[in-house]
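This report concerns only the one structure given below.
What follows is calculated from the coordinates using simple rules that are stated; it is not laboratory data. Note that the structure is predicted; figures quoted are calculated from it, not measured. Every residue, glycine among them, receives a Cβ derived from its backbone with ideal geometry; neighbour counts consider all protein chains shown.
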Amino acid sequence: MAADNDPGADAAAADWRGQLHLAEDFAVLYADIGDAAAHRHYCHQVVRGSAVSAWTEHGALSGECLLIASQLRHRLQINTQRCWLVFAEPLAFAAEDLLQAVAQAPAQLPAIVRAVQDARRPRPLDPRVAATLERIDALLGERVQAAALAREAALSLSQLERLFSAQVELPVRRLILWRRLRLALALAWSGDSLTQAAHAAGFADSAHLSRSMRSLFGLSPSRALRGLRRQP
């Protein structure tokens, strides 16, 4: 969808700075919100601060705790004060449960991390979908073909796509891209170079990783990596 009504669609991205807790299916940040282009991503996102706002494709949001649901095109508005940001995968978290947990938790990184952990409610999956997700994670450093995944699950590709659309809410190839990006960022925040992280996660090169990051988060990985410090 075009971002014709996005007031900052062409703005250059600025660094994000702050603290980061990264888990397998969620991340918690306490950070200065850097500029970013309008984007959409698979995670639910909750933003908490004294006064936060966002442009979305369905209208503006503002308040002290905002929910940006999975796949909603949006762009956060720059705030001079640090905000809490939580990203959580729909496979493990219901959007409203996540919002309530973050809104009610004490404003401390360990407390918000615990609240998010307690809100985790893994979605029951068809065994073939669950097995395919495990297979995708095992193959991320290699070439992953959706048709081969379907054959391993004893399904046609169209059948597998229908199951993913119903249960994962993302096409197989988009889920593969998401898992690649998730792995690459975890490796980069653990100390790998962007090139090392990109290759280990199955991207052709760091430029491919950067394009994917811009598409899903509206900024380059280098801008996030420079200013965000990973915390236990």
>> In Å and on Cα atoms, what radius of gyration and Dmax does segment 127-222 show?
In response: 13.9, 40
>> What is the ratio of the Cα radius of gyration of segment 17-119 to 2.2 N^0.38 Å, with N the residue count, to two decimals?
In response: 0.96
> Which value at 222 nm does the chain reach when only helices count, each DSSP H run of 4 or more adding -39,500 (n - 2.57), with the total divided by all residues and rounded to the nearest 500 deg cm²/dmol?
Replying inline: -12500 deg cm²/dmol
> What is the sum of charges around H44, taking Lys and Arg as +1, Asp and Glu as -1, for the other residues whose C-beta is under 10 Å from the C-beta of H44?
Replying inline: -3
> Of A92, A201, A184, which is the most mobile in a GNM of the chain whose springs link Cα atoms less than 10 angstrom apart?
Replying inline: A92
> Kirkwood hydrodynamic radius for segment 68-137: how many Å is it when counted over pairs of different Cα atoms?
Replying inline: 14.1
> What does the charge dipole of segment 127-222 about its Cα centre add up to, to the nearest 20 debye, if the Cβ of each Lys and Arg holds +1 and the Cβ of each Asp and Glu holds -1?
Replying inline: 220
> If you wrap a convex hull around the Cα atoms of the chain, how much volume per residue is inside, in Å³?
Replying inline: 120
> So for the chain, taking the charge dipole from beta-carbon charges (+1 Lys/Arg, -1 Asp/Glu), which of L209, L20, C65 sits furthest toward the positive end?
Replying inline: L209
